[in-house]
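Below is one structure, written out as structure tokens, with a few remarks after it.
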Amino acid sequence: MTQVKKITTPLDDNKVKQLKAGDSVLVTGYIYTGRDAAHKRLIELIEQGKELPIDIQGQVIYYVGPAPAKPGYPCGSAGPTTSYRMDPYAPSLLDRGLKGMIGKGSRSQEVIESMKKNKAVYLGAVGGAAALIARSIKKSEVVAYDDLGAEAIHRYYVEDFPAIVIIDCEGNNLYETEPPKYKK
Amino acid sequence: MREINTTQIKSKVKELFLKANYHIDQDLMQRLEEALKEETSSIGKSVLQMIIENNKIASSEEIAICQDTGLAVVFVELGQQICIVGGDFAEVINQGVKEAYQEGYLRKSVVDDPVFERKNTKTNTPAIIYTDIVPGDKIKLTVLPKGFGSENMSALAMLKPADGPEGIVNFIVETVRKAGPNPCPPTIIGVGIGGTADKAMVIAKKAIARKMGEHNQNERYASMEKEALEKINNLGIGPAGLGGRTTSLAVHIDYLPTHIAGMPVAINVCCHAARHAEGIL
């Protein structure tokens, strides 16, 4: 395993190009949450030619629907949800400047091609490590679609959010390269 | 007849869902520690360490192990000498679920209509309730908050009797291979063989709640469990799907008599956060 890289959001082409599949990273800065229902709404706005409720230029979206926060906690348990459900929506957002996605599980070829074209990165967080991950989330506020509850778009301020580069902007994919090494 | 008031059932359901969502059983924690020792991939090791650390944090702080606190599944074994008084049985189970999820800071993940509105019911109900009437004067409740990242990877095959144990093992391994990183490996694989298509899936789900390290009491089924697990762990998928030896922690098979013409095989996949709790009234 390579050394841990610290990255700060927002991202740009230069920062993204330095991230290679297999790198362990610690993310600091603001990130947005979004999953099925919020993505559906964002894409409907894009299709209608309307403005999005958040400026996604250079931003990172974390696929998560957090548990409610216990009193005294900024955020409830917040691990990644399975990313493939967002695959139909991701290329449109990448075309509009989204630079990073955090989730778990495989992505479609369309998403990977769009990441290569738009210089974006896909980070994996450990599914089910939700209580541990939540410790890196220092602030949380709902910025759009409050009516969606856990599925609303939140803006998190994270410090040293632990993740791993699964697919880099050249299309190198850890899910393709690592498992064969352990296959018997 | 022994009378049980519905308020007792409600309190027990609530208590069990809170317990299941905060605390991973000791037998599973032990299995994760063993897997950490056996794992050869360095990324795999660090993922397993994170999972173990996560479970300890959740337990000590009494917060959700995973943000997907699941669809509430309840298995009820109802003694036939019990008389339930004081209200509607399904309603009190749902009330117990609602109170656990609303008061325990657990995510409400149920939508009312699966296709159109998909509006959150905000109570995490209705629960999925399976009731078996059994001899005796006790009620046994087994609760499983079932996450959907893994549920979505479940599969059913109506195999031919001629497919035999080999066909079953192949289907199990193939289902896990196709699921890849999606169901949050290392997984626990519940398998139901026999009965009907629907019944096979129910026993597959219940098999997930079996204690880790226990095998089917029938030696032939136990050896299928061992063979399937060995083959799954040879796939190389590993913890979080990032490569390694630990793709599944266990394969639990249960079986039932079935029709002369068939051999249903249902696979219910569960993530490493295999949450369940049992209680007796």
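For B:GLU174, indicate whether it is in a helix (DSSP H, G or I) and more than 20 Å from the chain's Cα centre (by Cα).
Values: in a helix (DSSP H, G or I): yes; more than 20 Å from the chain's Cα centre (by Cα): no.
Against the criterion (in a helix (DSSP H, G or I) and more than 20 Å from the chain's Cα centre (by Cα)), B:GLU174 does not qualify.
Under the condition of being among the polar types (S, T, N, Q) and surrounded by fewer than 21 Cβ atoms within 10 Å (Cβ to Cβ), which residue from the range B:217-251 is nearest to the other protein chains (Cβ to nearest Cβ)?
Here is the first cut: in the range B:217-251, the residues among the polar types (S, T, N, Q) are B:217-218, B:223, B:233-234, B:246-248.
Now drop any that are not surrounded by fewer than 21 Cβ atoms within 10 Å (Cβ to Cβ), which leaves B:217-218, B:223, B:234.
Values: B:GLN217: 29, B:ASN218: 28, B:SER223: 19, B:ASN234: 4 Å.
Top of the filtered list is B:ASN234.
If I ask for residues that are in contact (Cβ under 8 Å) with a residue 40 or more places away in the chain and touching a Ser or Thr at 6+ places or on another chain (Cβ under 8 Å), which ones from the range B:96-117 would you list?
Within the range B:96-117, B:GLY96, B:VAL97, B:TYR101, B:LEU106, B:ARG107, B:SER109 meet the criteria.
Determine whether A:VAL111 is away from chain B (no Cβ under 11 Å), aliphatic (A, V, I, L, M) and without any contact (Cβ under 8 Å) to a residue 40 or more places away in the chain. Steps first, answer last, please.
Working: away from chain B (no Cβ under 11 Å): yes; aliphatic (A, V, I, L, M): yes; without any contact (Cβ under 8 Å) to a residue 40 or more places away in the chain: yes.
Judged against the criteria, A:VAL111 is a match.
Mind checking whether some residue in the range A:165-183 is over 28 Å from A:LYS40 (Cβ atoms), within 13 Å of chain B (Cβ to nearest Cβ), surrounded by 15 or more Cβ atoms within 10 Å (Cβ to Cβ) and of a type in the set (Phe, Trp, Tyr)?
Yes: the range A:165-183 contains one or more residues that are over 28 Å from A:LYS40 (Cβ atoms), within 13 Å of chain B (Cβ to nearest Cβ), surrounded by 15 or more Cβ atoms within 10 Å (Cβ to Cβ) and of a type in the set (Phe, Trp, Tyr).
Among the candidates B:ALA127, B:ALA58, which residue alone is crowded, with 19+ Cβ neighbours inside 10 Å, within 18 Å of B:THR6 (Cβ to Cβ) and modelled with pLDDT of 95 or more? Step through it out loud before you land on a result.
On the way: B:ALA58 fails: within 18 Å of B:THR6 (Cβ to Cβ).
Testing whether each residue is crowded, with 19+ Cβ neighbours inside 10 Å, within 18 Å of B:THR6 (Cβ to Cβ) and modelled with pLDDT of 95 or more leaves just B:ALA127.
Would you mind stating whether B:VAL191 is of a type in the set (Val, Ile, Thr) and in contact with a strand residue (DSSP E or B) (Cβ under 7 Å, 6 or more places away or on another chain)? Let's see the steps before the verdict.
Values: of a type in the set (Val, Ile, Thr): yes; in contact with a strand residue (DSSP E or B) (Cβ under 7 Å, 6 or more places away or on another chain): yes.
Against the criterion (of a type in the set (Val, Ile, Thr) and in contact with a strand residue (DSSP E or B) (Cβ under 7 Å, 6 or more places away or on another chain)), B:VAL191 qualifies.
Looking at the range B:84-107, can you tell me whether even one residue there is within 11 Å of chain A (Cβ to nearest Cβ) and loosely packed, with under 14 Cβ neighbours inside 10 Å? Break it down into steps so the answer makes sense when it comes.
Step one: of the range B:84-107, the residues within 11 Å of chain A (Cβ to nearest Cβ) are B:101-107.
Subsequent filtering for residues that are loosely packed, with under 14 Cβ neighbours inside 10 Å retains B:103.
The answer is yes; a qualifying residue exists.
Just checking, which of A:LYS5, A:LYS50, A:LYS70, A:LYS99 is in contact (Cβ under 8 Å) with a residue 24 or more places away in the chain and either farther than 24 Å from A:TYR175 by Cα or in contact with a strand residue (DSSP E or B) (Cβ under 9 Å, 6 or more places away or on another chain) (or both)?
Working: A:LYS5 fails: in contact (Cβ under 8 Å) with a residue 24 or more places away in the chain; A:LYS50 fails: in contact (Cβ under 8 Å) with a residue 24 or more places away in the chain; A:LYS70 fails: in contact (Cβ under 8 Å) with a residue 24 or more places away in the chain.
Testing whether each residue is in contact (Cβ under 8 Å) with a residue 24 or more places away in the chain and either farther than 24 Å from A:TYR175 by Cα or in contact with a strand residue (DSSP E or B) (Cβ under 9 Å, 6 or more places away or on another chain) (or both) leaves just A:LYS99.
Name the residues in the range A:123-141 that are over 18 Å from A:ASN14 (Cβ atoms), crowded, with 19+ Cβ neighbours inside 10 Å and more than 10 Å from chain B (Cβ to nearest Cβ), would you?
A:SER136, A:ILE137, A:SER140
Looking only at residues in the range A:142-153 that are surrounded by fewer than 20 Cβ atoms within 10 Å (Cβ to Cβ) and in a strand (DSSP E or B), which one is farthest from the other protein chains (Cβ to nearest Cβ)?
Only one residue fits best here, namely A:VAL143.
Which one of these is of a type in the set (Gly, Ala, Ser) and closer than 24 Å to B:ARG118 by Cβ: A:GLY49, A:GLY58, A:GLY100, A:GLY79? Quick ask: steps written out before the conclusion?
Numbers: A:GLY49 fails: closer than 24 Å to B:ARG118 by Cβ; A:GLY58 fails: closer than 24 Å to B:ARG118 by Cβ; A:GLY100 fails: closer than 24 Å to B:ARG118 by Cβ.
The unique qualifying residue is A:GLY79.
Select the helices (runs of 4 or more DSSP H) contained entirely in the range B:24-138, then report the ones holding at least 1 residues which are under 16 Å from B:ILE9 (Cα atoms).
Answer list for the range B:24-138: B:89-103.
The values are calculated or read from the model by the stated rules, or taken from the named source; none is laboratory data. Given the structure is predicted, the values throughout are model-derived calculations rather than measurements. A quick note on method: Cβ atoms are made from the backbone with ideal geometry, for glycine too, and the neighbour counts reach across all protein chains shown.
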